[in-house]
Ligand code: NDP
């Protein structure tokens, strides 16, 4: 069984009724000569960008379409951890654990050319491969160090700061020696940021009618680095409060994914006069720091300096609600589905 979309999605938030469970016959063995690897899905990542792949305009939208459009009936590929049940590829054996692009389903047939590999769990739970030691971690680490090029003592603002990427950006920035303020959508999330995760300060953006003056209050001396997960008004407010030679890393613009009419319009005169650098990036661009990211993150996890924040739902049926919840702020930390026990 797997989850798919019934038809391409229109603008707006995704709904339960956009999804359905499909069944396709699967033999848990590979035929002679096949190089397929059949895996049982264990943990599957839930990511906001998938919405852009499901949209009606996706297949013709070149800039959004860095991951192929999802068509109705298609299996939805997503990063995750799985266990090999049968293999025609000599590099993999039954019971090997692999990480890579599996699917929103119970099993995945991994064809030659699909990105997956065996991994070292470093003694941590398997779920860490999906979040803190997976693409969320790489995005946070590479996005902060490579794109933002921080200096110790600089003032950093992170949006969607309790989310999968955001909470790690804040934690890496604190460990590096920056001053960090995050924003999130509830009192509980703000408490988490300021408490367990060690942010210098945090606020609930839903209670702030004027984001520009809010940021002025939290950054009286201006923002040096803005790590943007949200876009729209948040990006505009941050740019207004940026210091000269400030850097904005545009990781994602989640508030715009559900509203095609909403696009950030930062004051470009500010950008010119303050010589602000605004750079978008994608996690696969950051593979040059992969080994550095893994060794630093494993060290910090072992010493207890870095916290893994996970939000795990169980069972195939929970894919739609978990995904929809991303756009309503239901998750705290890395959202994933535990599809099956090891
Ligand atoms: P999160 O775990 O942060 O989940 C999404 C969170 O975004 C929600 O919990 C919610 O938290 C917040 N949110 C949802 N809607 C809005 C809104 N309208 N305005 C403000 N905040 C909102 O997801 P990720 O950490 O996986 O992703 C964060 C961003 O990074 C996304 O934009 C994503 O697309 C992007 N990304 C980019 C990558 C890249 O390679 N460039 C790789 C991975 C992610 P709250 O309660 O605070 O509202």
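If I fit a long axis through the Cα atoms of helix 290-303 and take the longest principal axis of the Cα atoms of the chain, what angle between them do I get, 0 to 90°, rounded to 10?
The two axes meet at around 80 degrees.
Report, for the chain, the % of DSSP beta bridges that are antiparallel, rounded to 5. Before the final figure, lay out each step's value.
Working: 29 of 56 bridges.
Antiparallel bridges: around 50 percent, rounded to the nearest 5.
Pick from 113, 195, 329: which is most flexible by mean-square fluctuation in a GNM of the chain where alpha carbon atoms under 10 Å apart are linked?
Top of the fluctuation ranking is 113.
How large is log10 of I(q)/I(0) for region 91-223 at q = 0.15 Å⁻¹ when the intensity is taken from the Debye formula with one equal scatterer per alpha-carbon?
Debye output, listed in q order: -0.80.
Looking at the chain as a GNM with Cα springs under 10 Å, which of 114, 244, 214 has the largest mean-square fluctuation?
Residue with maximal mean-square fluctuation among 114, 244, 214: 114.
Output the Cα-based Rg and Dmax of the chain in Å, rounding Rg to one decimal and Dmax to a whole number.
Every Cα atom of the chain included, Rg and Dmax give 20.4, 68 Å.
Relative to the longest principal Cα axis of the chain, at what angle does helix 164-176 sit, 0 to 90 degrees, rounded to 10?
It works out to around 50 degrees.
Build a GNM of the chain with springs between Cα atoms under 10 Å: which of 121, 209, 320 gets the top mean-square fluctuation?
It is 209.
How large is the convex hull of the C-alpha atoms of region 218-342 per residue, in Å³?
Details: hull volume 21.2 nm³, N = 125.
Per residue, the Cα convex hull of region 218-342 comes to 170 Å³.
Can you compute the helix-only [θ] at 222 nm over the chain? Use -39500 (n - 2.57) per DSSP H run of at least 4 residues, normalise by all residues, nearest 500 deg cm²/dmol. Display every interim value, and only then the final one.
Details: 10 runs with 83 residues, N = 342.
Taking each H run of at least 4 residues, the total per residue is -6500 deg cm²/dmol.
Taking 8 Å as the Cα distance limit and 6 or more residues as the minimum spacing, I'd like the relative contact order of region 135-284 as a percentage. All intermediate terms of the calculation are to be shown ahead of the outcome.
On the way: 308 pairs, mean separation 33.4, N = 150.
Once normalised by length, the contact order is 22 percent.
Going by the alpha-carbon gyration tensor, a ≥ b ≥ c the square roots of its eigenvalues, is region 135-284 rounded (a/c under 1.5) or, if a/c is not under 1.5, prolate (a/b greater than b/c) versus oblate? Let's see the in-between values first.
Numbers: a/c = 1.18, a/b = 1.11, b/c = 1.07.
It comes out rounded by the Cα gyration axes.
Along each principal axis of its Cα atoms, how long is region 1-132 end to end? Whole angstroms, biggest number first, please.
Principal extents (Cα only, largest first): 43, 35, 27 Å.
No lab work stands behind these numbers, since they all come straight from the coordinates. Please read these numbers as outputs of a predicted model, since none were measured by experiment.
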